[in-house]
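*Asks:* I'd like to ask you about the structure that follows.
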Amino acid sequence: MTAPAPPAIEAVDLTRRYDLDGVSVEALRGVSLRIGQGEFAAIVGPSGSGKSTLMHLLGCLDRPTSGVLRINGVEMSGLSDTRLAELRNRTIGFVFQSFHLLARTTALDNVALPLVYWGVGRAERRERARTALESVGLGHRMGHRPSQMSGGEQQRVAIARALVGEPKVLLADEPTGNLDTRNGTEVMAILDRLNAESGVAVVLVTHEPEVAAHARRQIHVRDGRIELDTGAGGGP
Amino acid sequence: MRGRESFVMALEALRVNRLRSALTMLGVIIGVLAVVVLVSVGTGAKDAVEKQISGLGTNIILVVPGQLTVGAAPTQSRLSLADVAYVRRVVGDPAKVTVSLQSGETVRVGRTEAFVTIIGTDQNLTNVFQRPLAKGRHLSETDVDTRRRVAVLGSEVAARMFGDVDPVGRQVSIAGARFRVVGVYATVGQTFGLSRDQEVHVPVTTAQRMLGVDRVNGLAVGASGPEEVEALQGRVVAALTERYPGEKFSAVTQTQLLGTIGSVLGMLTGVLAAIAGISLLVGGVGVSNIMLVSVRERTKEIGLRKALGARQRDVLAQFLIEAVLLTTIGGAIGIVLGVGGAVAIRSFTEVPATITWWSIALAFGVSAVVGVFFGVAPARRAGRLDPVVALRAE
Ligand SMILES: Nc1ncnc2c1ncn2[C@@H]1O[C@H](COP(=O)(O)OP(=O)(O)OP(=O)(O)O)[C@@H](O)[C@H]1O
Ligand SMILES: [Mg+2]
């Protein structure tokens, strides 16, 4: 490859407006940012400032009202449902504040789920899911169901699920929001290590300064705009 | 995603909601059960009637004055024994023509009375119809020629009037006149719902005198081979019409009778199947309903699957397969129960239920189609859910 790798995320002037019963809410009012490959960034800001809205756009779970978004060099607008699904499946890993694991399903099968949509065979799925679970230190919990695990363990399963497809970008919306300090610290240690070892870019949203401190770059959002970006322009 | 994965996922979802799945299937089960049972009863009835008609004999042509309609009162007859003799000449073989004059009369032996069908006929009856004897003899030519007061009893009449006693040689009173029993027929069963074992046969001449008439109700011709039947039918009708210009005579062959009855009962079976089909459709509406509930309940799960890379069609397939599994599993259970029901009806009642493979295949096919038809709307709704909205759902 001679061309330099494209940035993991490149957003230009993203807006997102919600129209509800005639009332329209401008959740994002023109956000531009660029996340390099392997970068680690934290998005911080007051409640209601638009952090989750931004994350959903970056994760291709939602479409912007206007603006341009490229994930790993692929322009998102105009992609078909199938191509968008593929992007979510292979390029992006998403970690939610409330874990979102399938109940009644083992840790191993939860982690293997994205590979089902990738078309990976059962044996290989299980093998890769096992590796992913081991990498978050849950090799001994593979047969457990979400209800049989602690919050911290559940969030680590969710991280393993986000990483099993070896994405370019890991997006985490308040991954420690539902965890106590000890579990939160453990989850952050895993994200640190994964970012360092596998080179996946990590973007996380948090309220907690200690969590934000794990990132080399802080992006402050207020009223749907980026107020301050400690890494803006520079990049990694 | 591969088909097998969607299949496993759908099965899993049904297993998790066992009770609800079972109740949803119930509608389909009942529908399919109804189709299989009703069609087998209808088909059985048709087979039975056809067997009865074939059991009358072979290559029979029935001739009556006027228009022939099954079940309707016969037109006033003008056919006399002279006409019968005329038809005998037309047919060529007099032995192949027999005659019938019917009346309902009271039969009495001692204190036992019964209202039966008296049929005046002749010695040629057995050349045209199959009517085996259990005891005694048939009516003879002399009986007819000399207007003897003799009678041959149907097996039920004999049993009712005489019990275990052998009736041959004994007296019966028919409409007040004394007759001597010369024979008893073997049991032959019903034709068109009328038991032929409740008939009493007497010479047609005797019957005419008893009833005070000189007509007969109709006659029957036995052709010597199937290839002869239609030509003979035409010849007889033409000859009678020529003798009585402007009057109508009808002749119907056994084959035509089979065809008519067959199509009437076939239609009846079709109507039964359609009614049962409606209940299958109602079962399908139930499936649709439950699938909508299921989609709503699992909105979060759908959102998550989409966030992890499920395409619209993966989610659609998952829910569609679920719906089709519901109806086809229900259909399979309904078929098993329906076949069991038909076998039970056949064993424990007199209804001759006949299981037909086409009804089973149709019921199963329809339940699969019902699954697709009623599953597609909820499945599409699931497939189109927006991931963010779905994830936020409570
Ligand atoms: N689906 C929606 N429909 C209408 N308005 C919405 C919707 N989602 C978010 N909003 C509005 O958009 C704004 C930004 O919401 P968002 O969830 O992005 O905030 P946030 O920064 O993540 O807040 P928090 O820190 O509390 O999670 C809020 O004013 C919110 O009310
Ligand atoms: Mg939020």
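*Asks:* Might you report the magnitude of the Cβ-based charge dipole of the range B:110-215 about its Cα centre, with Lys and Arg at +1 and Asp and Glu at -1, to the nearest 20 debye?
*Replies:* Value, rounded to 20: 260 debye.
*Asks:* Return the aspartates and glutamates within reach of residue B:96: Cα separation strictly under 13 angstrom, same-chain partners fewer than 8 residues apart disregarded; answer none if there are no such residues.
*Replies:* The qualifying aspartates and glutamates are B:122, B:228.
*Asks:* Starting from 0 in steps of 10 Å, tell me what percent of the Cα-Cα pairs of the range A:1-158 lands in each bin.
*Replies:* 9, 31, 32, 23, 5, 0
*Asks:* Right, something else. What ranking of B:187, B:269 emerges when the number of other C-beta atoms within 10 Å of each C-beta is taken as an exposure proxy, fewest first?
*Replies:* Ranking B:187, B:269 by Cβ neighbours within 10 Å, fewest first, gives B:187, B:269.
*Asks:* Quote the charge dipole size of the range B:192-328 about the Cα centre in Debye, to the nearest 20; the model charges only the Cβ of Lys and Arg (+1) and of Asp and Glu (-1).
*Replies:* The dipole of the range B:192-328 has a size of about 900 debye.
*Asks:* Restricted to Cα positions, what overall size does the range B:97-220 have along the principal axes? Three whole-Å values, descending.
*Replies:* Cα extents, longest axis first: 35, 28, 27 Å.
*Asks:* Once a ≥ b ≥ c are taken as the square roots of the eigenvalues of the Cα gyration tensor of the range B:127-172, is the result rounded (a/c under 1.5), prolate (a/b larger than b/c) or oblate (a/b not larger than b/c)?
*Replies:* Oblate shape, in that a/c is at least 1.5 and b/c is the bigger or equal ratio.
*Asks:* Here's another thing I want to ask about it. Gap in Å between the Cα centre of the range B:13-63 and the Cα centre of the range B:178-241?
*Replies:* Each part's Cα centre sits 36 Å from the other's.
*Asks:* Which of the pairs B:51/B:248; A:51/A:168; A:168/B:306 have their Cα atoms more than 26 Å apart in this structure? Present the calculation step by step, with values, prior to reporting the outcome.
*Replies:* Details: B:51/B:248 30 Å; A:51/A:168 20 Å; A:168/B:306 18 Å.
With Cα atoms farther than 26 Å apart: B:51/B:248.
*Asks:* Continuing with this model, one more query. Taking Cα atoms, how many degrees apart are the long axis of helix A:151-163 and the longest axis of chain A, rounded to 10 and kept between 0 and 90?
*Replies:* With rounding to tens, the tilt is 70 degrees.
*Asks:* Per-residue Cβ counts within 10 Å, from other chains only, averaged over A:98-106: what number is that?
*Replies:* On the way: counts 2, 1, 7, 1, 5, 2, 4, 2, 0.
For peptide A:98-106, the averaged partner shielding equals 3.
*Asks:* Where Lys and Arg each count +1 and Asp and Glu each count -1, what net charge lies around residue B:308 among other residues with Cβ under 9 Å from its Cβ? Present the calculation step by step, with values, prior to reporting the outcome.
*Replies:* Numbers: positive: A:88, A:161, B:305, B:306; negative: none.
Local charge sum for residue B:308: +4.
*Asks:* Considering chain B, what Rg and Dmax in Å follow from its alpha-carbon atoms?
*Replies:* Taking only Cα atoms of chain B, I get Rg and Dmax of 32.3, 103 Å.
*Asks:* Going by C-beta contacts inside 10 Å, put A:98, A:147, B:100 in order with the fewest on the left.
*Replies:* Working: A:98 15, A:147 9, B:100 20.
In order of increasing Cβ crowding within 10 Å: A:147, A:98, B:100.
*Asks:* Something else about it: Determine the dipole magnitude for chain B: charges of +1 sit on the beta-carbon of Lys and Arg, -1 on that of Asp and Glu, nothing else is charged, the reference point is the Cα centre, and the result goes in debye to the nearest 20.
*Replies:* Numbers: 41 positive and 30 negative charges, 221 e Å.
The dipole magnitude comes to about 1060 debye.
*Asks:* Now for a different question. Considering every Cα-Cα pair within the protein assembly as shown, what fraction, in whole percent, is farther apart than 43 Å?
*Replies:* The answer is 52 percent, as a whole percent.
*Asks:* Mean 1/r over all different Cα pairs, inverted: what Kirkwood radius does the range B:177-251 give, in Å? Spell out each step's value before the answer.
*Replies:* Values: mean 1/r = 0.0630 Å⁻¹.
Evaluated over the range B:177-251, this radius sits at 15.9 Å.
Read-outs: derived from the displayed coordinates by stated rules, not from any lab. Remember, predicted model here, so these are calculated numbers, not experimental data. Cβ coordinates were reconstructed from backbone atoms using ideal geometry, including for glycine residues, and neighbour counts include every protein chain displayed.
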